[in-house]
Structure formats: C-alpha cells, structure tokens
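Step one of this worksheet: look at the structure below.
Quick note: the coordinates plus some simple rules give every number you see, no bench work behind them. All values derive from a computational prediction rather than experimental measurement. Heads up, the Cβs are rebuilt from the backbone with ideal geometry, glycines too, and the neighbour counts pull from every protein chain shown.
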Amino acid sequence: MPVRLSSVTAAASSDADLIAAHAAGDPRAFSELVHRHRDRLWAVALRTLRDPEEAADALQEAFISAFRAAGSFRAESQVTTWLHRIVVNACLDRVRRRQARPTVPLPEAGPGEPVTPRDAMADRETSLVVRRALDELSEEQRVPIVLVDVEGYSVAETAKMLGIAEGTVKSRCARGRAKLAKVLGHLRNPDADANVPGDAYERRDVPMTRRHLEGR
Amino acid sequence: MTDELRGTGAPGEPWSVDLLADLHAGVLEPAQSARLWSQVNTDPGARAVIAALDSVGADLEALRDAPAPPMPAHFAARLDAALEAESRRAFGGTQNAPQPAVAPVVDLAEARRKRSRRLAWGTGLLTAAAAAVAVTFAVLPGNQPTTGGVAAPATTTAQPGAGSETGAVKPLAVASSDMSGVVGKIGNKKEYGPLKNQAGLDKCVEEAGLDPAKSQAIGVHPVIFDGKPGVLALLTTGDIKKLRAFVVAPDCTVLSDTPIGS
C-alpha cells in the first residue's frame, strides 16, 4: 500500500490527518499521535486508576485499541475526545476487574508510593495537593468524581460508563466532594465550623472510607 | 444509611455536611431540595459549606488542564515497544497474518503476577521485559506451526545451524539504526546462543570493562546485528530508568553498547 510518510507525519499535521494517514498505512503516523497526547492521557489514566502500573497498562491497552480502531474513527469527532474516551474506558475496565478481586489492596497513598517523581517545587502546586486529596477518597467516590468533575463527563455519561444509576453517581460525587472539602481545607471557615457537626462528619466519613479501603 | 445524621435544616440545628453535599449535587427530591435551599440561603454556616463545595469543584476542574508529570520513562519505553510490535504486525510485511485474538496488553496480567517478586527490585523494568516478551510472542510466531498465510516477519533471519541444541532459538535481526524496539524483541527470556550460558555472557561483560554487579541480564537472545551473528543482552545499568542493549560477537567483540531509556 502506498505510504505518504514525510508529508503526513510532519509536525504541522492535524490529529485527524494523522489518523487518516495511519488508516492509509503510514507506519509513523500513529506514533506521532501517541507522542503528542501520551503525557496528557497518562495523567488521565493515573488519576482514574491511581496505581502507576495499572495506569501504564491501561494506557497501553487503550493505544493498541485505538491503533486497531483508527479505521472506524469518524472525522466529525475530535481525535482527542475519541482517544480520551478510549483511555477512560480502558481504565474503567481495570477498575471493574479490580473490584472483582476483593483481596487485592489498594496501594497506600503515602510518601514514596508513587513512581511519579515529586520535587519540592511541584509539592507547592495546588494541582498536586488536589491530586493527593483525590487519592484519599475511596475508589467508589474517586472514579465518579474524576469523570464528572475533572474530565467533564456529564452525570448521565458517567452513569452509563460505570453501569450505575445517575442518582448513584450524584450521591457518590456528593460524598466525595464533602470529603475533599475537608481534606483541602475549604471547610476550615470559622462560620462553617460553628454550625457544622465536625465530629459527626468524622464519625461518618472517615470510618466509612477506611472500611472501604480495608475491605479491598 | 445517613438519615440519623442528616440535619433537617430547622433553625438552630447543625447542618450535616453530607446533607448539604447531597443538596449541592442534586441528589435530593425536588420538593425537599427547594425547601432546603431556601433555608440554606438564609444561613451563613450552610452557605459557607456550599461555597466550600463549589471551591472543590473549581479545584477539580482546574486539574483537567493543569501541568502534570509526564509518563515515567520506563513506562513510556514499554508503550513504545508495544506499539512498535503492533506496527510491525500491521505494516511489517505480515499483512495477511491473522490478528491475534487479543491485544498484547492481555499478557500484562502475567507481568502483574510477577509484581510482588519485583517489589524488592523497586522498578518496572522486569514488568516491561515480561510484557515485551509476551509482545514478542504475539508478533513472532517463531517455530510454532502456522497455517499457510502466516509468514515469519521479514526482520527475522532464520539460522538453522546457529544453535547446537534441537529447537535452538532463531537469531533475531537487529539493526543498529533501530535499537529502540529491541526491548520488545528480546523480552526477559535468556537464550545465550553461541555464548552458551551466563558464564559466557559474564566473560564478555567483564572483557568490555562493565561492572558485573550493575550489569544484570534482563533478557538475552542470539541476534544477527547489522548482518553479523552475535548475542544481544539487555543489561541493567544501576539506573532504574535505563537499560543497556549490549551486543557482542561470539568472541566477545563488542558490536554495540546502547543505552535504552532516558
């Protein structure tokens, strides 16, 4: 099959051009696409799965799926949206498989656990604080929150992807946000403290989360 | 399960954060929601909690486009190897070969089973190698009987006389111009070919002046390197992010010594 290598894989090519070139037999086009989007999609996989090994596996699985399915890519959708959805689905497959293995503990989000390098500068970044706070949620809460609040999927789409009711998505997001509000310090407002039963919050949410983690 | 802790919103009664979070997320029935919102709007404490929940939403949304650490090099190398293997399968002269029923990533389950053993080592490299060798099998049918349409990949050069044992592995064709996919080709099997065994490899490693303590073999395979027979060993370097593709002739002449990883 004729291959138009140099012209199509040039840096200026659009993502859609690269998909088309790949589908037409250009052996370098997909690799260029991967290098453009790999790190951003790695972040998606890592915050969905938390475990770097699993995130790497899911991303690999997703890119292989995309490689094979590129011929069915429809030009009316964004390549990034298409890839994002494939990565999220690969991650969710792994979440489901993990949930089917009740004896496998979730990795602790303590110091030294992540493979991702951290440095003093990055530690001060808000985004890192938020990522760490997300790690403190149970998987049941973290995954819907990541899909809805971080990735921007609607409650309806998230419910469909997770195979649960929309009300369950909302409820899990609500619980997760309540915990994040506390972990991130947003509830330290004195007015809030004055009228919010903090001990009730602790009594309910923290043991529930621990029970969830320990039960895996 | 939370009813006993849900505030009712009655004046003077403390609000439950969970109740407010449910209200905020649209979990509650419309009538209850309308009643509570009217109470929340007149209660500074409740409004502060709602504001806190809004702040959480803003923090999470900001995460979407925030700079994040890149994929670690050893994972990226593994991904590249898998995609190269997939690309060879799709474009590399075996276009009539049937697709594997499953993606190579399925073989990562095997890699994961090895994770507990790998923990002491503290790196993903073994998994990378285990995954890569699985990819190799998916891509290179090797000496398995195949149906008529399945040809050996063009990059594999059969050398039936190279091994002294029955069933000796075929050397893999490796080009100095394309060392990036070598992890995927070699994997974590140890086939010493003309070097015969680990001692044979150790001898070459020492003769090359490498530190044997840091140069542990992850995978070894006979190769035809730029047309010359030899053995390629993937060696550790002491840096967990890097491997070394060490290629020697049967007489230990170094044909290539290439770092892999970042």
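Annotations for the structure displayed:
- Partners of residue A:179 within straight-line reach, counting lysines whose Cα lies under 20 Å from its Cα and excluding those fewer than 8 residues away in the same chain: A:170.
- Of all lysines in the structure, the ones whose alpha carbon falls short of 26 Å from that of residue B:214, not counting any fewer than 8 places away in one chain, are B:114, B:185, B:189, B:190, B:196, B:203, B:241, B:242.
- Rounded FRET efficiency, nearest 0.05, which uses the C-beta distance separating residue A:24 from residue B:58 and R0 of 56 Å: 0.80
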